[in-house]
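Everything below concerns the one structure shown next.
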Amino acid sequence: MKMNLKKKLSLSLLMIVTCFAVLAGCGGNSAVVKVKIGEVTRSVFYAPEYVALSQNFFKEEGLDVELQTIPGGDKTMTALLSGAIDVALVGSETSIYVYQQGADDPVINFAQLTQRDGTFLFARTPDSAFTWDKVKGSTFLGQRQGGMPQMAGAFTLLNKGIDTASDLTLIQNIDFANIAGAFASGTGDYVQLFEPQASIFESEGRGQVVASFGVESGYLPYTVFMSKESYISKNKDTVQKFTNAIQRAQLWVKDHSAEEIADAVMPYFDKTDRNIVVSAISRYKDQDTYAVNPVIDDKEWNNLLDVIDNAGELKERVPSGKIVDNTFAEKAESSIK
């Protein structure tokens, strides 16, 4: 009888322990959510994104982020619309193009990463006394038509009194990935370059950065995290956590030196010299390229529309309320200091 009682008590105790173990497993941390990001290019221009990864901000928000580079805004948007990725980091003009096509499931901008154009005017001949009128009569190697770099460049040139149709020879039929190579091989007197390519060319003695299209074209939601409206409506908690991580990264970048930021992002630029990465980040920080919060304000949005309209790519002025949702960004900004 005593033996049977002991057996019963042991069995009961085992069951209790097992139940607690199961409950502990079920009631612990919530499951990690996988999010697939497609970035339009790999660039120190997107430093806060890499900081969010390297400093584990996404991970601490309970997200398992898979990052892939999909060269070209059109290809990145196709991947987003097809469901191959959940979130795209790309120029906000792409969301406008999708909206203009009458999409049933529009693409919504929910977190801004950069607030200026990221390109620089690079001259083959160093010129410490550069003025914009020197571009007239030159051969200018520009960016793809309809993309933000080209549109911001044309907007700046127009504001400087330069007509790209009559005042210079404009080349813009070279793929983004091959523009630097074309200039290096001798094409063009001037070229529009992102970092770190501009700093690389300077270190190689190929010319000099003489002006910034980012400074000249003003603040605008240049590169933004966006997703389909259907994804956002079904995954609001995930989108909020994602935006929280971005806000944390933006504040981290704001509060750290170019050298410290370079060390944080170097795993994503292992084939680039650290000094080049530091130079590129320093340039971007000096001109307030990196947004300090993910909110897209109306002034920035309207400047974006002006830039696109100037390029002849805007069918109508799309109100920000149609394809911008600042709910997540505003909550992140107010709660993360």
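The values are calculated or read from the model by the stated rules, or taken from the named source; none is laboratory data. As the structure is a computational prediction, the values presented were derived from the model and not from experiment. Glycine gets a Cβ as well: all are built from the backbone with ideal geometry, and neighbour counts include every protein chain shown. These accessible areas exclude ligands, DNA and RNA; they are computed on the full protein's heavy atoms, side chains included. Shrake-Rupley method; radii C 1.70, N 1.55, O 1.52, S 1.80 Å.
Tabulated values for the structure
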read-out: Surrounding net charge for ALA79, when Lys and Arg each add one and Asp and Glu each subtract one, Cβ distance under 14 Å; value: -1
read-out: Cα shape, the stretch 190-320, gyration tensor, a/c 1.5 rule; value: oblate
read-out: Mean accessible surface per residue for the chain, computed with a 1.4 Å probe while every protein chain stays in place, in Å²; value: 46 Å²
read-out: 14 Å Cα-Cα reach of LYS271 towards aspartates and glutamates, excluding residues that sit fewer than 8 places from it in its own chain; value: ASP263
read-out: Of LYS36/LYS337; LYS36/LYS254; LYS241/LYS331, pairs whose Cα-Cα distance is over 20 Å; value: LYS36/LYS337; LYS36/LYS254
read-out: Residues whose placed amide H lies under 5 Å from that of THR119, excluding near-sequence neighbours; value: PHE213, GLY214
read-out: Residue pairs, from the table LYS75/LYS285; LYS228/LYS285; LYS160/LYS285, whose Cα atoms sit over 27 Å apart; value: LYS75/LYS285; LYS228/LYS285
read-out: Three-way shape label, the stretch 76-134, alpha-carbon gyration tensor, a/c 1.5; value: prolate
read-out: Tensor-based shape of the chain (alpha-carbon gyration tensor, a/c under 1.5 rounded, otherwise prolate or oblate); value: prolate
read-out: Estimated [θ] at 222 nm from DSSP helical runs (n ≥ 4, -39500 (n - 2.57)) normalised by residues in the chain, nearest 500; value: -14000 deg cm²/dmol
read-out: Using θ = phi - 60° and Karplus 6.51 cos²θ - 1.76 cosθ + 1.60, couplings along the stretch 57-65 (whole Hz; Gly, Pro as x); value: 5, 5, 4, 5, 8, x, 10, 9, 8
read-out: Calculated from backbone phi, Karplus (6.51, -1.76, 1.60) coupling profile of the stretch 147-163 in Hz, x at Gly/Pro; value: x, 4, x, 5, 5, 5, x, 5, 4, 5, 4, 4, 5, 8, x, 10, 8
read-out: Degrees separating the helix 298-310 axis from the principal Cα axis of the chain, which is the longest one; value: 50 degrees
read-out: Mean projection area, nm², convex hull over Cα of the stretch 46-199; value: 11.3 nm²
read-out: Share antiparallel - DSSP beta bridges, the chain, percent rounded to 5; value: 55 percent
read-out: The chain - percent relative contact order, Cα under 8 Å, separation 6 or more; value: 27 percent
